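First the structure, in the form of structure tokens, and then the observations on it.
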Amino acid sequence: MAEFDLAIIGGGINGTGLARDAAGRGISVLLVEMNDLGSGTSSASSKLIHGGLRYLEHGAFRLVREALNEREVLLRMAPHLVRPMRFMLPPMPGLRSALLLRFGLILYDLLGARKLLPGSSTVDLTHHAIGQPLKRTFRYGFEYSDCWVDDSRLVVLNALDAAEHGAVIRTRTRCTRVERRDEWELVLNARGRRDVKTARVLVNAAGPWIGAVADTVIRQPLPKAVRLIKGSHIVVRRHFDHDYGYLLQAPDRRVVFALPFAQDFTLIGTTDENFVGDLNSLAPEPSEIAYLCEAVNQYFRDKVTPDEFVWSFSGVRALYDDNADRPEDVTRDYELVLDQRDGEAPLLTIYGGKITTHRKLAEAALGRIGHFFEAGARWTAGSKLPGGEFAPDELDAQIAETMARWPFLSAPHARRLVLAYGRRVERFIKDAQSMDELGPSFVDNLSAAEVRYLVENEWAQSADDVLWRRSKLGLKATAEDCMALDRFIASLGKPGR
């Protein structure tokens, strides 16, 4: 008899979301990730929970409606990670007309089941803070709602909740080979240590690596063609002093976001390029950086130049290849392909997917494979991710409560902690009466107590894990900070979980 009902290869948002949903239904789950959780595409997104306004042009109404409905589901599920954000869409002469943009936003409002988020409106940019960074030629624009998310922490907390429901999460463990019989045999390698596990059903949720997993691990071709699309972002110093985001039309009719990021910065992205190359050495090309700068400089008075960015990153999506001519036109909808054969264990391959719709993707996946198990009913729509046990409009109160309970925390420090951990801040601050009691600090009040919690509970094993995927403190860290943090993590010995 198989040790697990379900084995999942891939620790991104699709894999961890599926592991969480399945474990909560009483399915025994093994998730295997060759690197850190969310270390690929799932930490290289635009950090948005959104419906995909531009997808309306392609008639993707089901995808947009599903994504819009999920905004408030995720906002309630993780009010510490997901936050409402108002966006400005200024019309650009020669591109989509103002009438078309207004109609699209009205349709956007109608498709979304909004209860928490306000609808769209027209804004006089000459008398509004959102208009201040823009060139004076933009006299009005359209304001609408979507949400911002800490993407990599969303992945980690899905994995954490899966583990707390009984799932086994194996990071830095490579699945080197599988054998398919009436059950799956998985040969695992964790830093030279070989292990063998068995499962009734296997899911290939490896994102851009699904082709490599199919070819070298499962040793059979992908059931459908995959198209790899690269998206790149840059982070620059903060270019506006408010919390609105901007959706900007580029001259080629693609769109670029400019978003407030990590308090002191602005995030600009994304590009859409066909990708062929080494997935382990992703970085924006100079042409992509120039493209993003040119796109935003059509709108902002304060020019963005390629030499001022402080960080850049790229991610690759593994989309179902629908033979679209342009990368930006390839469907962003997910595709689930079940390979079910008599006498052989089933295989599910996941194409595409978005951070926004990861919960619905998990439900759809279990709809395809749930009959192989004694699975419970759907449960995630009204659930909470760890630390998110408060209402979306109680975030400021949660920060104030944290500061009142631990008055030695500064306001920015308390806010950072609540936005990352929610109500679970108490799990590592405990009864401390001062910062000194939390141990030495590394970067921006990142304490030894917090790092120890991440190592013991959230699979962190290196400075990069802590500074880039469980926070964005890497933006403020020096090389010496990173080395000190790595030394401290090594001194903790074997990681938890």
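The values are calculated or read from the model by the stated rules, or taken from the named source; none is laboratory data. From a predicted model like this one, the values you see are computed outputs, not experimental measurements. With ideal geometry, Cβ positions are generated from the backbone for all residues, glycine too; neighbour counts draw on all protein chains shown. The accessibility values were calculated without ligands, DNA or RNA, using every heavy atom of the protein model including side chains. Shrake-Rupley method; radii C 1.70, N 1.55, O 1.52, S 1.80 Å.
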Review point. Which of (1) free of Cβ contacts under 8 Å to residues at least 12 places away in the same chain; (2) open to solvent by 60 Å² or more (accessible area, probe 1.4 Å) does residue 297 not meet, given it meets every other one?
Key: (2)
Exercise for review: Filter the strands (runs of 3 or more DSSP E) completely within region 237-323 down to those with at least 3 residues that are within 16 Å of residue 131 (Cα to Cα).
Suggested key: 245-249, 255-261
Practice item. Would you check if residue 113 is open to solvent by 20 Å² or more (accessible area, probe 1.4 Å), small (Gly, Ala, Ser) and touching a helix residue (DSSP H, G or I) at 6+ places or on another chain (Cβ under 7 Å)? Key: yes
Exercise for review: Scan region 167-186 and give yes if some residue there is without any contact (Cβ under 8 Å) to a residue 24 or more places away in the chain, in contact with an Asp or Glu (Cβ under 9 Å, 6 or more places away or on another chain) and open to solvent by 20 Å² or more (accessible area, probe 1.4 Å), otherwise no.
Suggested key: yes
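Quick grid of which residues meet (1) in contact (Cβ under 8 Å) with a residue 40 or more places away in the chain; (2) in a helix (DSSP H, G or I); (3) within 29 Å of residue 465 (Cα to Cα):
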{"position": "11", "(1), (2), (3)": "yes, no, yes"}
{"position": "31", "(1), (2), (3)": "yes, no, yes"}
{"position": "54", "(1), (2), (3)": "yes, yes, no"}
{"position": "67", "(1), (2), (3)": "yes, yes, yes"}
{"position": "70", "(1), (2), (3)": "yes, yes, yes"}
{"position": "87", "(1), (2), (3)": "yes, no, no"}
{"position": "96", "(1), (2), (3)": "yes, no, no"}
Practice item. Just one of (1) over 30 Å from residue 339 (Cβ atoms); (2) open to solvent by 10 Å² or more (accessible area, probe 1.4 Å) trips up residue 278, so point out which. Key: (1)
Check your understanding: Looking only at region 245-284, which residues are of a type in the set (S, T, N, Q) and touching a Lys or Arg at 6+ places or on another chain (Cβ under 6 Å)?
Key -> 266
Check your understanding: Does at least one position in region 461-469 carry a residue that is modelled with pLDDT of 95 or more, of a type outside the set (Asp, Glu) and under 19 Å from residue 78 (Cβ atoms)?
Key -> yes
Review point. Taking into account only those residues within region 342-381 that are free of Cβ contacts under 8 Å to residues at least 60 places away in the same chain and more than 22 Å from residue 28 (Cα to Cα), which is surrounded by the fewest Cβ atoms within 10 Å (Cβ to Cβ)?
Key: 342
Practice item. Could you tell me whether any residue of region 328-347 is farther than 19 Å from residue 8 by Cβ and assigned to a helix (DSSP H, G or I)? Key: yes
**Study point:** Unmet requirement for residue 244, which otherwise passes all of (1) of a type in the set (Ser, Thr, Tyr); (2) at pLDDT below 95; (3) surrounded by fewer than 23 Cβ atoms within 10 Å (Cβ to Cβ)
**Key:** (2)
Point to revise | Filtered residue count, region 2-46, keeping only those that are surrounded by fewer than 24 Cβ atoms within 10 Å (Cβ to Cβ) and at positive phi | key: 1
Practice item. Collect the residues in region 297-316 that are at pLDDT 95 or above, more than 21 Å from residue 229 (Cα to Cα) and aromatic (Phe, Trp, Tyr), keeping them in residue-number order. Key: 299, 300
Point to revise | Among residues of region 247-271, those that are within 30 Å of residue 324 (Cα to Cα) and open to solvent by less than 20 Å² (accessible area, probe 1.4 Å), counted | key: 11
**Study point:** Filtered residue count, region 186-203, keeping only those that are more than 29 Å from the chain's Cα centre (by Cα) and either among the polar types (S, T, N, Q) or in a strand (DSSP E or B) (or both)
**Key:** 5
Review point. Which fully enclosed helices (runs of 4 or more DSSP H) of region 382-497 have 3 or more residues being open to solvent by less than 20 Å² (accessible area, probe 1.4 Å)?
Key: 395-405, 411-421, 448-457
